[in-house]
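Please treat every number below as a calculation from the coordinates, not as lab data. What you see is a predicted model, and the numbers here were worked out from it, not measured in a lab. Every residue, glycine among them, receives a Cβ derived from its backbone with ideal geometry; neighbour counts consider all protein chains shown.
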Amino acid sequence: MRLAGSPSWRISEDRWPESFDWALWFRAAERIDVGPGGVVPGAADVEPLPDSSTDLSDADELAAGWLAWWQLLIELPPLSPPSDPAHPPAVLAFSPPDFPGLANWPVLRRAVTRRWRRAHDWHTARMKAGFEADRSGDDRIGRVMAELERELGRKGRPFSLEFVLLPVRDDQVRQIGPERYFVPERLYDGPQWPGLLRGLVLPRA
């Protein structure tokens, strides 16, 4: 939100983030042994779980590659039109069909290039179900801020927050930048979220 003529607070959600969804699907589908902790969330909500296509002997490389992939996705700058067509945005390094950003982890890259369409189909089905359930927008943010501003007796100070929603079996909000957080979808859509949001916003407002 921004008020006309004056700076204001801004809270945005990134629901159905394609690149993160794909990485989560592959961690689940290939049984990649990277558990939750830090910026890594819990297991993806993938049902039914597809068969793995990789060998157990490659487990260490898959885990190292996936963890690096996840961290690099977090660090990617926002997608914007490239000023030089010869140097496309960094996000394209983790895009189909070749996923060149995974070149250092050939086993993972082979699995991803073979199966990315299945990950994409899962992601697309999630979006479709979300739109049908009318989960594309949420006015609870506005209500939380309005209540907080009434209590403070003033408008909230300018700040910016972004919530990246993930389809994971997790109940933890994970900070991935000064103003950016991973939030499990089930937590964001559940009754606990207004209280959690208030706790994140209060020190900034």
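The condition of being under 18 Å from ALA23 (Cβ atoms) and surrounded by fewer than 16 Cβ atoms within 10 Å (Cβ to Cβ) holds for only one of ARG169, ARG154, ARG174, that being ARG169. Taken together, GLY130, GLY190, GLY142 contain a single residue that is within 19 Å of the chain's Cα centre (by Cα) and part of a helix (DSSP H, G or I), which is GLY130.
Looking at ARG115, ARG198, ARG109, just one residue is in contact with an Asp or Glu (Cβ under 9 Å, 6 or more places away or on another chain), touching a residue at least 60 places away in the same chain (Cβ under 8 Å) and in a helix (DSSP H, G or I), and that residue is ARG115.
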